[in-house]
Amino acid sequence: MIDIYTLAKNPLVFQKPRTITSAYIDVSGKMGLAQTVLMVQDNITENFGAMKMDNFVVKEKGGFWVVYKAKFKFLKRPYWRDKVVTTSFPADNQLIRLNENTAITTVEGEPIIFAKQEMCCLSLDRHRPMRLSDVDFPTEGFPDAFMTDEFDRFNVKPEEYEEVYQQKVLPQHIDMSHHMNNIEYVKLALNVFSASDLELCIPSELEVHYLGESEEGQTMRVFRADHNGATYMRILDENDRAVFEMKLRMM
């Protein structure tokens, strides 16, 4: 159990009770994988807003936030109509990068899902990493991390991947950055599975790497490889540039 309510007293922590509505479930009637990424992303956005560190604020200082990598550890999956609590906070300040931690728990504090995201602030003009001090990001007071697992290298050879399908980037894939939204990459990658696969899916770990940007009208090629007990997904643009990769391990 986690003492989430004491933790919420820290000014760097954002906590919010949520209900698993129909918008968050997949074919299984449980919270879907892409929807899990979305819920965590939403909570992080609100966390940065509460710290006065969101994109509306850092834009005035010449920057914008990006997520490079994210890792999720599943202890179980909540069902439709379950009540959960999402708790997020920055766990460190590494000068240029930071790790944001999130826990999805029961209202009593029993862990359901842990998540870790590696983020940095890019400059608006050059799209190069900025020092976190340039946007006055906190340097102390971080709670102990929920999740300290390192991000993995995806050691899958290109020839192990098989193309599953192609997808044109459509207007509904695009967010306010005028590029494909992070969640849309996860959805495209999950389409390498059938609905029956996802209905039976018992995930233990999900990791995503955002490698590039995609614009409306581009054609994405989605690949799959099964390697060492996990399924790897890779998305290439029409110039064969990797823009996204993901690993899913099931129990």
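The values are calculated or read from the model by the stated rules, or taken from the named source; none is laboratory data. From a predicted model like this one, the values you see are computed outputs, not experimental measurements. FYI the Cβ positions are ideal-geometry reconstructions off the backbone, even for glycines, and counts take in every protein chain you see.
Output the residue which, of all residues in segment 68-90 that are surrounded by 18 or more Cβ atoms within 10 Å (Cβ to Cβ) and among the aliphatic types (A, V, I, L, M), is farthest from THR19 (Cα to Cα).
Here the residue is ALA70.
Please return the ranges of strands (runs of 3 or more DSSP E) entirely within segment 168-251 where 1 or more residues are of a type in the set (Lys, Arg) and out of contact with any Pro (no Cβ under 6 Å at 6 or more places or on another chain).
219-227, 230-236, 242-250
Can you tell me which residues in segment 49-62 are surrounded by 15 or more Cβ atoms within 10 Å (Cβ to Cβ) and under 18 Å from ASN181 (Cα atoms)?
Once the filter is applied, which keeps residues that are surrounded by 15 or more Cβ atoms within 10 Å (Cβ to Cβ) and under 18 Å from ASN181 (Cα atoms), segment 49-62 yields ASP54, ASN55.
Any idea how many residues of segment 9-48 are within 21 Å of GLY141 (Cα to Cα) and either surrounded by fewer than 20 Cβ atoms within 10 Å (Cβ to Cβ) or outside the structural domain of LEU124 (by TED's automatic domain parsing) (or both)?
Residues that pass the stated criteria total 7.
Is it true that some residue in segment 87-107 is farther than 23 Å from LYS59 by Cβ and touching a Gly at 6+ places or on another chain (Cβ under 6 Å)?
Scanning segment 87-107 turns up no residue that is farther than 23 Å from LYS59 by Cβ and touching a Gly at 6+ places or on another chain (Cβ under 6 Å).
If we keep just the residues of segment 1-51 that are among the basic types (Lys, Arg) and either in contact with a helix residue (DSSP H, G or I) (Cβ under 6 Å, 6 or more places away or on another chain) or without any contact (Cβ under 8 Å) to a residue 60 or more places away in the chain (or both), which is nearest to PHE193 (Cα to Cα)?
Top of the filtered list is LYS30.
Is segment 16-30 home to any residue that is modelled with pLDDT of 95 or more, under 15 Å from LEU132 (Cβ atoms) and in contact with a Pro (Cβ under 8 Å, 6 or more places away or on another chain)?
no
In segment 99-111, is there at least one residue being over 17 Å from the mean Cα position of the chain (by Cα), within 17 Å of HIS209 (Cα to Cα) and either surrounded by 12 or more Cβ atoms within 10 Å (Cβ to Cβ) or modelled with pLDDT under 95 (or both)?
No, there is no match, as no residue in segment 99-111 is over 17 Å from the mean Cα position of the chain (by Cα), within 17 Å of HIS209 (Cα to Cα) and either surrounded by 12 or more Cβ atoms within 10 Å (Cβ to Cβ) or modelled with pLDDT under 95 (or both).
Given (1) in contact (Cβ under 8 Å) with a residue 12 or more places away in the chain; (2) among the charged types (D, E, K, R); (3) in contact with a helix residue (DSSP H, G or I) (Cβ under 6 Å, 6 or more places away or on another chain), where does ASP54 come up short, assuming only one miss?
Going through (1) in contact (Cβ under 8 Å) with a residue 12 or more places away in the chain; (2) among the charged types (D, E, K, R); (3) in contact with a helix residue (DSSP H, G or I) (Cβ under 6 Å, 6 or more places away or on another chain) one by one, ASP54 breaks only (1).
Answer yes or no as to whether SER196 is modelled with pLDDT of 95 or more, of a type in the set (Ser, Thr, Tyr) and not assigned by TED's automatic domain parsing to the domain that holds THR36.
The answer is yes for SER196.
List the number of the failed condition for VAL186; all other conditions in (1) surrounded by 12 or more Cβ atoms within 10 Å (Cβ to Cβ); (2) free of Cβ contacts under 8 Å to residues at least 60 places away in the same chain hold.
Unmet for VAL186, out of (1) surrounded by 12 or more Cβ atoms within 10 Å (Cβ to Cβ); (2) free of Cβ contacts under 8 Å to residues at least 60 places away in the same chain: (2).
Could we say that ILE202 is exposed (fewer than 12 other Cβ atoms within 10 Å of the Cβ) and either in contact (Cβ under 8 Å) with a residue 12 or more places away in the chain or of a type in the set (A, V, I, L, M) (or both) here?
Answer is yes for this residue.
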